[in-house]
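The values are calculated or read from the model by the stated rules, or taken from the named source; none is laboratory data. Note that the coordinates shown come from a computational prediction; the quantities given were computed from them, not determined experimentally. Ideal geometry is used to build each Cβ from the backbone, glycine not excepted, and the neighbour counts take in all protein chains shown. SASA here: full protein model, heavy atoms, side chains in, ligands and nucleic acids out. Shrake-Rupley method; radii C 1.70, N 1.55, O 1.52, S 1.80 Å.
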Protein chains: 2
Amino acid sequence: MGAEGHADGTVGKALDVLDMVAGFGRPVRFSDLLTQSDYPKATLYRLLQTLTHQGMLTLDPDTGTYALGVRLVRLAHAAWAQSSLAPIARPYLDELARETGETIHLAQMDLGQVLYVDKRNAARPVEMFAQAGKVGPAYCTGVGKAMLAYLPPEALEAALARQSFHRHTPHTLASREALLAELEAIRKRGHAWDAEEHETGIICCAVPILSRGGRVMGALSVTSTTARTTLEALGAQAPMIKDIAAKIAAEAESWRFPEQV
Amino acid sequence: MGAEGHADGTVGKALDVLDMVAGFGRPVRFSDLLTQSDYPKATLYRLLQTLTHQGMLTLDPDTGTYALGVRLVRLAHAAWAQSSLAPIARPYLDELARETGETIHLAQMDLGQVLYVDKRNAARPVEMFAQAGKVGPAYCTGVGKAMLAYLPPEALEAALARQSFHRHTPHTLASREALLAELEAIRKRGHAWDAEEHETGIICCAVPILSRGGRVMGALSVTSTTARTTLEALGAQAPMIKDIAAKIAAEAESWRFPEQV
DNA sequence: AGACTAAGTTTCAAATAGTGAAACCAAACG
DNA sequence: CGTTTGGTTTCACTATTTGAAACTTAGTCT
């Protein structure tokens, strides 16, 4: 993590620092950040000061460590409520979870990565904050591939450039070419598989959530294990998943959902 | 909403804009923001552009409206996990909810306002994102007063300056003086009441979560209704609530929790 | 103790990035 | 078809940001 591309302006740098702090996943000291970043000492120092003053970071005076501030949590609540599909999709996810009894994921695209914005766990009650907000790779997950397949050329290109193509399992499509072929197949088929490409034993069936104009708004998936079911059996559910995705899309449409990269 | 005090530097302004967009609670057009803010057209325009480019905002090309971006959701996940008391307090909240059967709130201080970081609803299962992240007034809520009472002088002063002292109910302490007297009483008593000061019929008992050094880390409250119970009955629970708060504090201490304003 | 080192904070002139009034453009309106 | 409304771009002016280096603590080692 860290070492972002090119941050435009002071704001970009500040946000970059924010990401960096987030990346550590624990309170960090000034010097930790200094070694990570390319910013010179004084610059980084002032950025941290500003962010702290703004409440985006908090500084523990005793240990001299920085952590993400609560202002972020507040902003995020608003972000989740207004900018993600989650609040709209909520009742539909419940329905799908009831119908299938499997794990449900709702995801959106965030800078070439998959961002899970909501989830239903087969057994447990929902625990949102703890689950949503996680990110995952796009090239080897059902939701990721479902979205990639319907991205417009430039956006796809940008997303592909950000894929790492790590071979998680023997089934992972670990090259650009293999992935492109699969995307073509997904467009033909209308839904995406995850055939143990990310984790052995885990399979899923995913469909994109498309606006009327064909814009990718997100993706929806039903996940299970090879122990419990097969790809074919999951595939039988595809029409229902597609149906739910369409309902979500229709409702989101009326909210005129903004474009995702 | 909007019209923040004085934003230091470009970063401050950008974050200010972010807050403003969040404040609307729906996608906003450029001109909506323009009328709200004091920033001149061009400045606001460039800020929006930068934020959009950074993924903190998204711009719907069709409607020309801005909404909070998904990057925030991602950041928030990290913030919630690493910087709030919530993950630590989780099991204790469960315990308290089981014991009391009432609604439980866990809050922290955010720029003079109360930020709810977790919640247990008497009946329903937890629904985090939808509930946490909300803010409320400090001067007329149990958790707010519990925290104010133990703030160091300068921080209290800063917080007081941000209170609006709106008279929500006939019981609201709607002046600085009345509030200060109550804070003194809270310190004596060791816990705070909300005696229908925010909403008629709603009462609660709240205690601060204090670090070993006496720093305010957050507050914990048990809420009920006048229909179901009385302040006195709630007061009987105070020792237990305090006990749980102490446990949370102790565990947080080992994580060396950072200072809150 | 005294000398060394690591970690964080401050300085200051140079350079860059941000500012905002005003001009411009485009689409919607009457 | 001229006008208004809403959004984008320009450009000279300025304030902010920059970062090497100097400085200050607070530990550590001998």
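Quick rundown of the values:
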{"item": "Output for the range B:17-57, where each listed residue is in contact with a Lys or Arg (Cβ under 7 Å, 6 or more places away or on another chain) and of a type in the set (A, V, I, L, M)", "result": "B:L34, B:L47, B:M56"}
{"item": "Count of the range B:156-169 residues which are surrounded by 12 or more Cβ atoms within 10 Å (Cβ to Cβ) and on the phi < 0 side of the Ramachandran plot", "result": "9"}
{"item": "Residue satisfying condition, being at the interface with chain B (Cβ under 10 Å from one of its Cβ atoms) and touching a Leu at 6+ places or on another chain (Cβ under 9 Å), within set A:L51, A:L34, A:L93, A:L106", "result": "A:L51"}
{"item": "Candidates B:G64, B:G12, B:G101, B:G23 - the one that is of a type outside the set (F, W, Y), within 28 Å of B:N121 (Cβ to Cβ) and either within 12 Å of DNA strand D (Cβ to nearest atom) or out of contact with any helix residue (DSSP H, G or I) (no Cβ under 9 Å at 6 or more places or on another chain) (or both)", "result": "B:G101"}
{"item": "Any hit, the range A:83-91, residues being more than 16 Å from DNA strand C (Cβ to nearest atom) and free of Cβ contacts under 8 Å to residues at least 12 places away in the same chain", "result": "yes"}
{"item": "Test: residue in the range B:170-180 that is open to solvent by less than 30 Å² (accessible area, probe 1.4 Å) and touching a strand residue (DSSP E or B) at 6+ places or on another chain (Cβ under 7 Å)", "result": "no"}
{"item": "Flag for A:Q36 being open to solvent by 50 Å² or more (accessible area, probe 1.4 Å) and modelled with pLDDT of 90 or more", "result": "no"}
{"item": "Filtered residues of the range A:212-242 (kept if touching a helix residue (DSSP H, G or I) at 6+ places or on another chain (Cβ under 8 Å) and within 20 Å of A:A138 (Cα to Cα))", "result": "A:V216, A:M217, A:G218, A:A219, A:L220, A:S221, A:V222, A:T223, A:S224, A:I241"}
{"item": "Hey, B:D60 facing another protein chain (nearest Cβ under 8 Å) and over 18 Å from B:A206 (Cα atoms) or not", "result": "yes"}
{"item": "Criterion violated by A:R74 - all others in (1) open to solvent by 40 Å² or more (accessible area, probe 1.4 Å); (2) within 16 Å of DNA strand D (Cβ to nearest atom) satisfied", "result": "(2)"}
{"item": "Residue in the range A:68-77 that is more than 7 Å from chain B (Cβ to nearest Cβ) and out of contact with any Cys (no Cβ under 6 Å at 6 or more places or on another chain) present", "result": "no"}
{"item": "Residue, farthest from A:H171 (Cα to Cα), within the range A:204-233, restricted to residues that are touching a Ser or Thr at 6+ places or on another chain (Cβ under 6 Å) and of a type in the set (A, V, I, L, M, F, W, C)", "result": "A:M217"}
{"item": "Any hit, the range B:4-19, residues being more than 15 Å from DNA strand C (Cβ to nearest atom) and away from chain A (no Cβ under 11 Å)", "result": "yes"}
{"item": "When residues of the range A:44-71 are limited to those that are part of a helix (DSSP H, G or I) and more than 9 Å from DNA strand C (Cβ to nearest atom), the one most open to solvent (accessible area, probe 1.4 Å)", "result": "A:H53"}
{"item": "Set A:T43, A:T35: member being within 16 Å of DNA strand D (Cβ to nearest atom), more than 30 Å from A:A252 (Cα to Cα) and without any contact (Cβ under 8 Å) to a residue 12 or more places away in the chain", "result": "A:T35"}
{"item": "Which numbered condition B:W80 misses (of (1) more than 16 Å from DNA strand D (Cβ to nearest atom); (2) free of Cβ contacts under 8 Å to residues at least 24 places away in the same chain; (3) not aliphatic (A, V, I, L, M))", "result": "(2)"}
